[in-house]
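Reading through the structure tokens given below for one structure.
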Amino acid sequence: TKYVYSFGSGKADGRADMKELLGGKGANLAEMSSIGIPVPPGFTITTEVCHDYYEAGRKLPESVKPEVEAALKKVEEQVGKKFGDSSDPLLVSVRSGAALSMPGMMNTILNLGLTDASVEGLAKKTDNPRFAYDGYRRLIDMFGSTAMGVEHELFEHELSKLKDEKKVKLDTDLSAADLKELVKRYKAVYEKATGEPFPQDPKDQLWKAIMAVFNSWMGNKAVEYRRIERITGLKGTAVNVQSMVFGNTGTNSGTGVAFTRDPNTGENTFYGDYLINAQGEDVVAGIRTPEPITRLHEEMPKVYEQLMDIRQKLEKHYKEMQDIEFTVEDGTLFMLQTRTGKRTGTSAVRIAVELVKEGFIDEKAAISRVNPESLNHLLLPQLDPKSKNKPVAQGIAASPGAASGKIVLTAEAAVAHAEKHPDEPIMLVRKETSPEDVAGMHLAKGILTSTGGKASHAAVVARGWGKPCVVGCEAMKIDEKAGTITIAGKTLKVGDYLTINGSTGDVMIGQVETIDPSVSGDFATLMGWADKARKLKVRTNADTPADAAKAREFGAEGIGLCRTEHMFFGDERIVAMRKMILADDVEGRKAALAQLEPFQKKDFVGIFEAMDGLPVTIRLLDPPLHEFLPHDEKGQETVAKELGIPVQKVKDRVEQLHEFNPMLGFRGCRLPIVYPEIGDMQVRAIISAAIDVKKAGKSVLPEIMIPLIGTVAELKILKERAIKLADELIAASGVKVEYLVGTMIEIPRAALVADKVAEEAQFFSFGTNDLTQMTFGFSRDDIKSFMGTYLKEKILPVDPFQSIDVEGVGQLIEMGVKKGREGRKAKHGEHLKVGICGEHGGDPDSVAFCHKVGMDYVSCSPFRVPIARLAAAQASL
Ligand code: PEP
Ligand code: MG
């Protein structure tokens with residue numbers, strides 16, 4: 001096996017499509033080099049080496065060594081310098097690079113090859129001892145902290161101390177002699193912490209750095225990032241060793257990062273930041289606030305022109321928006337990286353649509369370019385323009401959408417707060433963020449930092465997650481110790497509300513009203529293409545006319561689940577409902593139900609009208625009856641008074657209805673089997689609502705759905721009763737109303753006997769919430785105590801209540817679809833309509849599964865309808 005791939009001087013061993021082997025960075029460095037873009041020469045050690053390294057118990061394969069030696073020699077020849085040479089040293093950087101980008105998650109070490117001897121050579125050669133010693137002290141710090149586990153703070157401490165001694169404020173105020181002294185102190189720190197002197201053999205440095213990158217693959221930061229991003233199945237990280245170019249040799253040098261299009265809006269403009277006289281990581285680390293790239297046009301016109309050319313060349317070559325890093329060394333431009341740029345959902349949609357219009361890609365490619373989940377961005381709440389809260393400060397708009405939340409000042413505090421108050425929104429406010437903060441960032445509704453630019457860690461990570469973020473809000477002062485922030489002369493405490501608008505950079509004090517977005521422009525164009533491509537229909541779960549209307553705006557083609565229990569909770573309704581539950585006999589129950597019926601009917605009319613003839617699946621009452629009665633003394637007294645009955649009677653009934661396991665109790669079809677009058681009332685309300693709508697000259701398509709059946713007999717009894725009643729009502733009405741009666745498949749037994757069930761059902765809808773609950777035996781409301789551990793320990797790859805467990809629950813679904821279709825065909829000679837209405841109906845991976853098993857439709861909450869439409873289109877490509 002070839003373990004090492006060289007690049008440089010217009011040639012390369014690798015290519016862009018070898019990401020799995022060379023990592024994203026390595027593959028693209030090779031590609032850039034071979035299409036004639038200036039790249040400092042170097043080589044990539046493959047991800048296979050990382051894999052073998054761990055397989056062998058953290059040992060490198062034998063043949064890596066000679067291959068690295070040979071590749072290093074090639075670099076030396078191309079640059080015309082020798083690695084660690086004492087008069088004119090070649091210096092190299094060592095960076096990680098996996099197949100998928102993991103921003104800032106792994107180690108980078110710069111300036112390798114500097115030693116006590118070569119630093120002198122570099123000082124003489126560049127005639128810049130300050131630069132040489134600054135590079136050396138940075139190497140000792142980076143190498144010490146990332147390769148050898150020395151605390152970075154120990155070095156920082158020496159730096160601050162020296163600055164105090166010299167009475168200077170900025171690092172740049174230190175002289176060459178000061179930095180030489182600092183090197184001495186850093187070396188002492190290093191030796192004290194590691195028990196050995198800082199390595200003076202450049203090869204020794206190189207090998208230790210390479211091992212450090214491989215080790216960082218299993219470091220906490222990287223493991224945590226992969227968990228959150230659900231990244232699995234990678235071989236490991238590659239290691240890129242590349243000759244150094246310096247952006248910090250003076251004012252004719254600099255470094256920057258840019259996107260070939262705006263990653264927030266998608267606009268076709270060059271977008272990025274740079275710093276003059278700075279080294280690579282300074283821009284990304286968010287320590288100095290950089291200049292916008294357009295200003296480079298004035299400061300370095302020739303370099304700017306060249307960058308604009310490269311921007312065009314890269315987009316033409318990759319047919320995709322790129323995220324690039326560059327360094328200018330004494331006026332010469334070098335590209336250090338190009339990769340597919342992370343972007344917001346808004347930007348992803350605009351770029352995909354414009355790339356089609358510009359003739360780079362076709363509609364199908366555009367569909368596949370947009371991550372369905374990222375559409376959340378376009379569906380994010382925006383600030384209500386009518387709200388009165390005025391911005392008190394402005395930062396850089398880093399990731400769009402509006403968010404309000406309670407201030408926390410550390411990622412740990414965010415995690416702690418979320419554990420204690422899972423329902424409270426959090427605003428993470430920091431000077432800057434670092435990879436250590438990802439867990440807390442993930443939990444926050446929004447992120448606000450006081451330093452950093454558009455490519456700072458906070459901005460990149462937030463954008464990837466579709467989280468509103470404002471960075472570089474310099475007007476804000478944070479006092480972590482006191483637990484306060486000061487902004488526009490006001491001091492806010494931890495726990496106070498703060499609002500950000502990630503689309504404009506505005507920061508507001510307090511909680512600001514937000515409004516819902518709509519589907520238009522490029523978004524509508526892309527959705528149109530998706531609709532042409534997909535086979536699955538997309539419905540929505542809605543139980544109010546407002547939700548139904550919203551879902552239709554988002555493209556819903558019907559209602560897949562209307563949960564009628566939500567319709568029993570209004571003020572007047574709950575009284576009638578309680579009367580029904582507390583009634584002594586059938587007559588009493590019927591009287592109470594008669595009070596409920598008009599409410600139900602009115603709700604159904606509203607929903608039918610909103611859906612304007614599209615199918616509406618209405619599920620009969622599902623939850624346990626005890627949910628409608630108060631369990632506390634005071635509530636029970638109120639109910640007793642309301643209904644004019646003794647308190648004891650309420651208490652007795654509550655006692656009677658008490659269940660040890662309500663999720664497996666008296667719910668679903670079990671209710672109307674015991675109390676048929678409940679089902680009758682609902683069927684009457686549904687059908688008479690449909691009759692009224694029909695009489696008003698509109699079309700209507702109700703589908704009555706019977707929940708939680710496990711046996712055919714349950715379904716048969718309820719179906720026959722429903723049909724009898726419905727047909728009588730329709731016959732008496734004088735209008736023709738079509739309707740269906742079907743069932744949910746949410747108990748494993750129902751899936752097992754699906755062929756028989758289908759003989760009695762005109763449609764199936766998989767209730768994957770309950771099906772998952774009952775297949776795993778996990779109470780869906782009680783998973784909090786163990787799911788975190790299960791995911792961390794990789795007992796489960798994902799939360800099965802979020803994404804279908806294909807291996808297990810998936811078998812029941814696949815079998816249910818197949819048997820159901822066969823059973824229906826055999827008995828009635830017709831196609832059984834099959835859909836899904838559990839939460840999974842809006843999860844892209846689950847939608848792909850539903851497509852694969854041949855369902856007719858998925859149904860999800862209104863805001864996930866566009867996500868499901870796109871996911872369904874991608875599944876059919
Ligand atoms: C389900 O079980 O998947 C379902 C849709 O029903 P509910 O969530 O109301 O139990
Ligand atoms: Mg259910």
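The values are calculated or read from the model by the stated rules, or taken from the named source; none is laboratory data. If you're wondering where the values come from, they're calculated on a predicted model, not measured in any experiment. Note that we place each Cβ from the backbone using ideal geometry, even for glycine, and neighbour counts take in every protein chain shown.
What to note about this one:
- Among the conditions (1) buried (at least 18 other Cβ atoms within 10 Å of the Cβ); (2) at pLDDT 90 or above; (3) over 27 Å from PHE43 (Cβ atoms), the only one that ASN268 does not satisfy is (1).
- Residues that are surrounded by fewer than 24 Cβ atoms within 10 Å (Cβ to Cβ) and either more than 23 Å from ASP547 (Cα to Cα) or not assigned by TED's automatic domain parsing to the domain that holds GLY808 (or both) within the stretch 856-877 comprise GLN874, ALA875, SER876, LEU877, listed in sequence order.
- Filter result for ARG343 (crowded, with 24+ Cβ neighbours inside 10 Å, part of a loop (DSSP other than H, G, I, E, B) and within 30 Å of the chain's Cα centre (by Cα)): yes
- Filter result for the condition that a residue is in the same structural domain as SER387 (by TED's automatic domain parsing) and either touching a Pro at 6+ places or on another chain (Cβ under 6 Å) or free of Cβ contacts under 8 Å to residues at least 60 places away in the same chain (or both), over SER434, SER456, SER503: SER503
Table: residues versus (1) out of contact with any strand residue (DSSP E or B) (no Cβ under 6 Å at 6 or more places or on another chain); (2) surrounded by 20 or more Cβ atoms within 10 Å (Cβ to Cβ); (3) at pLDDT 90 or above; (4) of a type in the set (Asp, Glu).
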site: LEU428; (1), (2), (3), (4): no, yes, yes, no
site: SER434; (1), (2), (3), (4): yes, no, no, no
site: THR449; (1), (2), (3), (4): no, yes, yes, no
site: HIS457; (1), (2), (3), (4): yes, yes, no, no
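- Residue in the stretch 818-840 that is under 28 Å from the mean Cα position of the chain (by Cα) and without any contact (Cβ under 8 Å) to a residue 60 or more places away in the chain present: no
- Helices (runs of 4 or more DSSP H) fully within the stretch 212-299 that include at least 2 residues being under 29 Å from ASP127 (Cβ atoms): 281-285, 296-299.
- A count restricted to the stretch 698-714 and to residues that are surrounded by fewer than 23 Cβ atoms within 10 Å (Cβ to Cβ) and closer than 25 Å to THR540 by Cβ stands at 3.
- ALA30 falls short on exactly one of the conditions (1) over 14 Å from LEU336 (Cα atoms); (2) more than 28 Å from the chain's Cα centre (by Cα), and that condition is (1).
- Among (1) charged (D, E, K, R); (2) assigned to a helix (DSSP H, G or I); (3) under 30 Å from VAL239 (Cβ atoms) - the single one ARG95 does not satisfy: (2)
- From the list ALA56, ALA30, the one residue that fits, being free of Cβ contacts under 8 Å to residues at least 60 places away in the same chain and in contact with a helix residue (DSSP H, G or I) (Cβ under 9 Å, 6 or more places away or on another chain), is ALA30.
- Taking residues in the stretch 750-776 that are among the acidic types (Asp, Glu), and partners anywhere that are within 9 Å of ligand 1 (Cβ to nearest atom), the pairs with Cβ atoms closer than 6 Å and at least 6 places apart or on different chains are ASP770/GLU746.
- Of all residues in the stretch 744-780, exactly one satisfies the criterion of being within 12 Å of ligand 2 (Cβ to nearest atom) and farther than 30 Å from GLU720 by Cα, namely ARG780.
- Screening ALA722, ALA732, ALA696 for residues that are away from ligand 1 (no atom under 16 Å from the Cβ), closer than 20 Å to THR564 by Cα and either in contact (Cβ under 8 Å) with a residue 12 or more places away in the chain or not basic (Lys, Arg) (or both) leaves exactly one candidate, ALA722.
- From the list HIS631, HIS626, the lone residue that is surrounded by fewer than 13 Cβ atoms within 10 Å (Cβ to Cβ) and more than 20 Å from ILE686 (Cβ to Cβ) is HIS631.
- Residue in the stretch 759-773 that is among the polar types (S, T, N, Q), over 16 Å from THR617 (Cβ atoms) and within 16 Å of ligand 1 (Cβ to nearest atom) present: yes
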